[in-house]
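The values are calculated or read from the model by the stated rules, or taken from the named source; none is laboratory data. Please read these numbers as outputs of a predicted model, since none were measured by experiment. For neighbour counting, all protein chains shown are included, and Cβ atoms are generated from backbone atoms with ideal geometry for every residue, glycine included. Just so you know, the surface numbers come from the protein's heavy atoms only, side chains and all, with ligands and any DNA or RNA stripped out. Shrake-Rupley method; radii C 1.70, N 1.55, O 1.52, S 1.80 Å.
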Amino acid sequence: MSAPAIEIDNLVVRFGRFTAVNDLSLTINERELFGFLGPNGAGKTTTIKVLIGSQRPTSGTIRVAGFQIPAEFDQVKQQFGYVPDTENHIEEFTGRENLELFARLYDMPLSTVDESLARLELSEAADVVVSAYSKGMRRKLLIAREIMHRPKILYFDEPTANLDAHSTELVRELLRDLASQGTTIFLTTHNMEEVEQICDRVAILCRGELVDCDTPTNFVTRHAVRIVKAQFEREGNVIRESLDLDLADQRERLAEIIRHEKCVRVHSQEFDFQDVFLKITGQAYT
Amino acid sequence: MIRSAMIRILLDREFRRLRKNPSAIMLIGLLSAVALLMATSRPVSNKGDQPGPNGASQSAVNVWLIYDQRSQWLDHLSENLPDTPTIRIVHRDRVPIENGTWKLPPQDAAVEVVYGDKFTTDRGFALGKVVLIGRYPGKNAETLAPFWNWFWPALSEYHTGGLRFEQSSEPLNPDAAHTPTSLENTSVADLVTNELIATMLLLIVIFFACCHLLVSFTAQDRERGTLSAIVLSPANTSEILLSKFLFHLLISFGGCLTIVAILKPIVLTQPVLWLVILLSSIGLMCVGTCIATLAKTQASAALLALCYMLGGTVLFYLSTKFTAFYFIKQLAFENYTFPLLFSTMKRPVSVFQAPGLGTMFVLVGAWVGIARSCFYRYGWR
């Protein structure tokens, strides 16, 4: 078991009477690719803001890379990278100039600028001013900027928002690479497929409270539905039936269909993280 | 801990940004062009220099400023005497008298200082009254115009405090026809001197570079999130704030240097001038930092900066009418900037002679504390 990279204990964040995060406790281990899910307004971004020190918690303790937040902010900020949900480039600068500024601030060799640009496939647009970049290019430039100094912890708010299919795959591959090289990744997203594909563990937050936290596999196991969809032809008509294998009469009905009907298609219903997410958060709402 | 390498990188970023937005400092170029035009063109002839209707030259007179009791404002004026007209500040006992009347050389005029009784204004302000009675040779009161043109701007440098000054004119020889003049019929243009314009230009440059531009750039950084990106880098908040201050200070000094070099190069070597520019620049940068920090957007920050400027002007006006505002004005470092700049524009002033410099230093120091705490708490959050 690796050491915890992020420890959140009883975090509470209130804005006046509104409680954005309520008694959140989480531990994220080193090298872990951790997904943070929740509907809009669940408190995901507020939690990230507390982790990066831009929002003071109302109560609770937070340790990032062994440092207390916000007390040891100056020491901890060099350990992480933060890709916010909105771009914050210097619009008048070119992509390269933006990255060069941060490379100099992090005391990194300027060769890392070209490496990062190449990794996000932005080399050709490196000398174009950012104001002329598309949304996807801006997003990739932001990611390039934040991975440049090889942070120990990387916070991603919606990593693949505004990216096309190719760039999405590129970024997912990059996240896997970074995690395998030792970077702890904490990401928030609404993309369930992404969570299922790349995350080691997922926490679901709803109305500021932690609803569930597990690995995607365990989520599948715990929430899998054993339903078979059968499609068969009778007297020229196509009939569809959905059968729950947990019920004995429906299991027999399935056997009967296979034996006596002219089956066109029989398949099990795939596990859908989206459905699980809606079910969990929906339960929390009721 | 402040690291010079960080300051250099951040300063370089500010200059690069300016290079990409040269129009941001267009106003300084415009003001420099105004200064250049002023320096290279001939002044429009003053009506006071033209011969009067009685044929007497209006600017040829020497003026005797005659007083009964010496006071600080007279001391101040005596330190600021112009080349023309020739003004002698003398006690009443030293004025030659013949047959009970003053015996002045022909063409010489006199301005008599008479202290009136204290009075209370409608607003409950207790003021002392000083009446300056100009006595001119011949029949034309306009002969005293050059004196008044020097007197009022020179007096404006001095904190007259609880004194109200009034001007009246009458002929030296009572038999001559009386052609009164007053401040009301003296053109504003007659009161405006090159030193006054230079001072105003400097004030505009300092306000623009240190308040308006800083507010605009910092608020833009906050709105775009660039500031938070830089704060999350290894650069610490002090380094970020210091680099911003250095950048705007350099622009302010550059603009002031250009204007002073064009209009009044002789005062370039005056340390007090640069000290006042430095203090007022720091003060305004602190005000700008607070505005940029507390405003949510660049547009609201720009509006707040404008309100600050207009609010200051209204405060200065109200301070002449209501005691409460008068005391508030004393707490504004800007209250000391104008007289100090104007003084240094006119003559060499040593640090010890400059009234208000110490107060300004203290007030600016307080603003530095406020701005620092504002930026640390809310600057990027």
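Summary of computed values
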read-out	value
Criterion: buried (at least 24 other Cβ atoms within 10 Å of the Cβ), closer than 14 Å to B:Ala371 by Cβ and aliphatic (A, V, I, L, M) - qualifying residue of B:Leu249, B:Leu284, B:Leu241	B:Leu284
Single unsatisfied condition, B:Cys256 versus (1) free of Cβ contacts under 8 Å to residues at least 60 places away in the same chain; (2) more than 14 Å from chain A (Cβ to nearest Cβ); (3) open to solvent by 40 Å² or more (accessible area, probe 1.4 Å)	(3)
Looking only at the stretch B:23-44, and only at residues there that are open to solvent by 50 Å² or more (accessible area, probe 1.4 Å) and at pLDDT 85 or above, the one that is nearest to the other protein chains (Cβ to nearest Cβ)	B:Met26
Wholly within the stretch A:130-215, helices (runs of 4 or more DSSP H) carrying at least 2 residues that are in contact with a strand residue (DSSP E or B) (Cβ under 7 Å, 6 or more places away or on another chain) and within 14 Å of chain B (Cβ to nearest Cβ)	A:135-147
Residues within the stretch B:195-225 that are crowded, with 23+ Cβ neighbours inside 10 Å and of a type in the set (S, T, N, Q), tallied	2
Test: residue in the stretch A:5-17 that is within 14 Å of another protein chain (Cβ to nearest Cβ), open to solvent by 20 Å² or more (accessible area, probe 1.4 Å) and under 29 Å from A:Ser180 (Cβ atoms)	no
Filter result (on the phi > 0 side of the Ramachandran plot and touching a Lys or Arg at 6+ places or on another chain (Cβ under 9 Å)) within the stretch A:54-98	A:Ala65
Top-ranked residue of the stretch B:45-79 - restricted to ones that are more than 26 Å from B:Pro96 (Cβ to Cβ) and surrounded by 17 or more Cβ atoms within 10 Å (Cβ to Cβ), ranked as modelled with the lowest pLDDT	B:Gly48
Flag for B:Arg164 being basic (Lys, Arg), within 15 Å of B:Val63 (Cβ to Cβ), modelled with pLDDT of 70 or more and open to solvent by 30 Å² or more (accessible area, probe 1.4 Å)	no
In the stretch B:252-282, the residues that are aromatic (Phe, Trp, Tyr) and over 15 Å from the mean Cα position of the chain (by Cα)	B:Phe253
Any hit, the stretch B:239-254, residues being farther than 22 Å from B:Ala366 by Cβ and not in a helix (DSSP H, G or I)	no
Given (1) out of contact with any Gly (no Cβ under 8 Å at 6 or more places or on another chain); (2) of a type in the set (A, V, I, L, M); (3) open to solvent by less than 50 Å² (accessible area, probe 1.4 Å), index of the condition A:Leu210 fails	(3)
Selected residue (criterion: surrounded by the fewest Cβ atoms within 10 Å (Cβ to Cβ)) from residues of the stretch A:82-113 that are farther than 20 Å from A:Leu163 by Cα, facing another protein chain (nearest Cβ under 9 Å) and not aliphatic (A, V, I, L, M)	A:Asp107
Tally of residues being away from chain B (no Cβ under 13 Å) and within 11 Å of A:Lys152 (Cβ to Cβ) across the stretch A:68-78	0
Pairs, first more than 17 Å from A:Lys140 (Cβ to Cβ) in the stretch A:169-184, second open to solvent by less than 80 Å² (accessible area, probe 1.4 Å) and not hydroxyl-bearing (Ser, Thr, Tyr), C-beta under 6 Å, six or more apart	A:Ala179/A:Leu33; A:Ala179/A:Ile185; A:Thr183/A:Leu154; A:Thr184/A:Ala5; A:Thr184/A:Glu32; A:Thr184/A:Ile153
Lone unmet requirement of (1) assigned by TED's automatic domain parsing to the domain that holds A:Lys49; (2) of a type in the set (Val, Ile, Thr); (3) open to solvent by less than 90 Å² (accessible area, probe 1.4 Å); (4) part of a helix (DSSP H, G or I) for A:Ile257	(1)
Residue satisfying condition, being of a type in the set (Phe, Trp, Tyr) and modelled with pLDDT of 80 or more, within set B:Phe147, B:Phe119	B:Phe147
Failed item, numbered, when A:Glu32 is tested on (1) charged (D, E, K, R); (2) within 14 Å of another protein chain (Cβ to nearest Cβ); (3) open to solvent by less than 40 Å² (accessible area, probe 1.4 Å); (4) over 22 Å from A:Arg145 (Cβ atoms)	(2)
Subset of the stretch A:53-63 [within 22 Å of B:Leu227 (Cα to Cα) and either away from every other protein chain (no Cβ under 14 Å) or crowded, with 22+ Cβ neighbours inside 10 Å (or both)]	A:Gly53, A:Pro57
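Yes or no, residue by residue, for (1) out of contact with any Cys (no Cβ under 9 Å at 6 or more places or on another chain); (2) charged (D, E, K, R); (3) open to solvent by less than 10 Å² (accessible area, probe 1.4 Å):
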position	(1), (2), (3)
A:Asp164	yes, yes, no
A:Ser180	yes, no, no
A:Val195	yes, no, yes
A:Asp214	yes, yes, no
A:Arg222	yes, yes, no
